[in-house]
Structure formats: C-alpha cells, structure tokens
Amino acid sequence: MESKKIIDAIKKILTDLSKLDEQQLEQIIDGSMKFKCEFPKARGTDKTNGSSATSVFAPAFKEYKTALFSCTSRTDATKYLSGLKMKVSDLKQFAKYLNLKVPASGKDAILKAVVDQTVGFRLDSQAVFRT
C-alpha cells in the first residue's frame with residue numbers, strides 16, 4: 001500500500017513536469033531553475049481559487065516579465081504570452097507576481113488585462129509624451 005502512494009505521488013509530479021517546455025526542463029537539469037512543490041492552503045484563504053499552490057511556471061516569472069516588457073506592441077506581447085501555454089491559474093499567478101488586477105475568469109480576458117496593464121500602459125504613456 002505504501003509503495004502505491006509513492007507511485008501515485010511520482011505520477012503527479014511527472015504530470016506537472018510534463019507541462020514545462022524544453023527550456024524550462026533544461027534549466028531544472030542544469031540547476032538554474034528549481035522545481036518547487038507547495039501545498040495548497042485551506043479553501044478561501046487566497047483569491048486564486050482558494051489555493052496558494054505555485055504555478056509550475058513561477059520560477060521563470062522574472063524571465064517572462066523581462067521578455068514581456070521588451071515587447072514593442074500589444075500584438076507581440078499577446079503572442080508571447082499565448083506562446084507560453086499557461087493555464088488560467090498560471091496567468092493569474094503571473095499577474096499577481098506583476099501586481100496587476102485581472103478579471104476572475106476567461107483566459108483571453110486575463111491575457112488582455114496583463115498586456116494592457118504592462119506593454120499597453122507603456123505604449124500609451126509614450127504616445128502621450130510624444131505629442
């Protein structure tokens with residue numbers, strides 16, 4: 001019975017690892033990124049679906065932020081974020097990392113909010129100061 005529990009736990013870990021892209025796996029292998037496991041809090045303790053579980057993408061959030069802020073258009077930023085293949089919960093965690101307010105649901109709405117509040121805000125500010 002004990003070995004069955006261990007096997008089940010390993011299967012869940014492998015499922016999470018399979019969500020990472022090739023670059024993220026390489027970073028885990030070379031030690032430049034750590035794969036972190038956190039246990040969710042009791043329901044209702046956090047605004048992200050009652051869980052404080054960290055996104056598998058969380059270790060790369062700093063890199064994603066840098067790449068996002070280097071985008072030169074809303075379209076580029078949207079393509080970049082879409083290409084990361086994050087789930088809604090991952091996008092919410094990324095938005096939280098960036099200290100942004102995003103809608104409660106809808107992947108497209110959350111993506112748009114992140115882009116508008118980062119790259120969009122910068123582009124709008126630059127347009128205002130150019131005139």
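Summary of computed values
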item	result
Residue within region 111-125 that is aliphatic (A, V, I, L, M) and closer than 20 Å to D21 by Cβ present	yes
Helices (runs of 4 or more DSSP H) enclosed by region 78-131 - at least 1 residues per element that are among the polar types (S, T, N, Q) and over 12 Å from the mean Cα position of the chain (by Cα)	121-130
Qualifying position, being of a type outside the set (V, I, T) and touching a helix residue (DSSP H, G or I) at 6+ places or on another chain (Cβ under 7 Å), among A127, A60	A60
Inter-residue pairs, beta-carbon under 6 Å, first over 9 Å from V115 (Cα atoms) and in region 64-90, second of a type in the set (S, T, Y) and part of a loop (DSSP other than H, G, I, E, B), 6+ apart	D90/S55
Tabulated pairs, region 1-29, first over 14 Å from L84 (Cβ atoms) and in contact (Cβ under 8 Å) with a residue 40 or more places away in the chain, second open to solvent by 60 Å² or more (accessible area, probe 1.4 Å) and outside any helix (DSSP H, G or I), C-beta under 8 angstrom, 6+ apart or interchain	D16/F35
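The values are calculated or read from the model by the stated rules, or taken from the named source; none is laboratory data. Source: prediction; values computed, not measured. Counting neighbours? That spans all protein chains shown, and the Cβs are built from the backbone with ideal geometry, glycine included. The accessibility values were calculated without ligands, DNA or RNA, using every heavy atom of the protein model including side chains. Shrake-Rupley method; radii C 1.70, N 1.55, O 1.52, S 1.80 Å.
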